[in-house]
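Rule-based calculations on the coordinates, nothing more; no lab input. Because the structure is a prediction, the values reported are computed rather than measured. Here Cβ is always computed from backbone atoms with ideal geometry, including for glycine, and neighbour counts include all displayed protein chains.
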Amino acid sequence: MRPLKLASLLLLLLALSFAAQARKPYVEIERKLSAQQLQEVGLSDEQLAKLNRMLREAEDGASRGADATAAADAEDAGPQVGAGAPRERAPGAGQFIGLNDEPIKSRLKHDVAGWEPGTVFELENGQQWKVLKGRMSLKKPMVKPEIVVVPGVAGRWFLQVDEDMPKARVYRID
């Protein structure tokens with residue numbers, strides 16, 4: 001019986017060795033997307049580097065069978081305060097890009113009658129945001145409305161003119 005267990009163990013180790021050698025190295029996002037696609041995503045250099053690091057670590061962790069580690073990290077994160085609320089995580093445990101960002105509250109420097117891809121919103125705080133996705137035509141123009149730019153997952157941002165209206169997906173251009 002022992003030789004059979006030993007042979008099975010050796011076969012398993014051999015299979016794992018081949019799987020590890022067959023694994024392709026991680027290719028950074030910048031090499032997979034065009035410059036225009038990267039601009040459309042709207043990630044800063046810091047966010048892009050962090051995303052690459054996280055994806056590389058996730059790929060490495062998956063190849064080592066780190067499911068138990070991921071479950072422990074999720075357990076360490078603690079309960080969620082509310083739907084969509086940022087989770088408190090231990091330093092180095094990895095974070096979702098965008099979930100730690102705070103909403104940006106400001107007022108537009110100009111009136112708004114609607115938006116479509118390419119529309120630029122200039123905020124009183126000096127920031128400029130360009131619409132990537134979303135289209136809206138207002139029945140009545142709003143005079144220099146207060147707005148909120150809300151963070152989403154993976155560095156996405158959404159401009160909200162009124163909480164009862166659809167948000168426009170935007171990216172910062174200044």
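Sorted by mean Cβ packing within 10 Å, highest first, what order do the peptides 43-49, 143-149 take? Write out the running numbers ahead of the final one.
Details: 43-49: 13.9, 143-149: 15.6.
Descending packing order for the listed peptides: 143-149, 43-49.
Greater than 18 Å separation of Cα atoms is the criterion. Which listed pairs, K105/K130; K50/K133; K105/K144; K139/K167; K130/K167, meet it?
Numbers: K105/K130 16 Å; K50/K133 24 Å; K105/K144 13 Å; K139/K167 16 Å; K130/K167 13 Å.
Table pairs above 18 Å Cα-Cα are K50/K133.
Quick one: if the Förster radius is 30 Å, what FRET efficiency do R56 and D111 give, using the C-beta to C-beta distance and rounding to 0.05?
On the way: r = 46 Å, r/R0 = 1.53.
Taking R0 as 30 Å, the efficiency between R56 and D111 is 0.05.
Enumerate the calculated ³J(HN,Hα) couplings along segment 40-49 in order (Karplus 6.51 cos²θ - 1.76 cosθ + 1.60, θ = phi - 60°), each rounded to whole Hz, writing x wherever the residue is Gly or Pro.
5, 5, x, 7, 6, 4, 5, 5, 5, 5
Can you work out the Karplus-derived ³J(HN,Hα) for every residue in segment 148-158? Use 6.51 cos²θ - 1.76 cosθ + 1.60 with θ = phi - 60°, whole Hz, and x for glycine or proline.
Along segment 148-158, the couplings run 10, 9, 9, x, x, 7, 6, x, 7, 10, 10 Hz.
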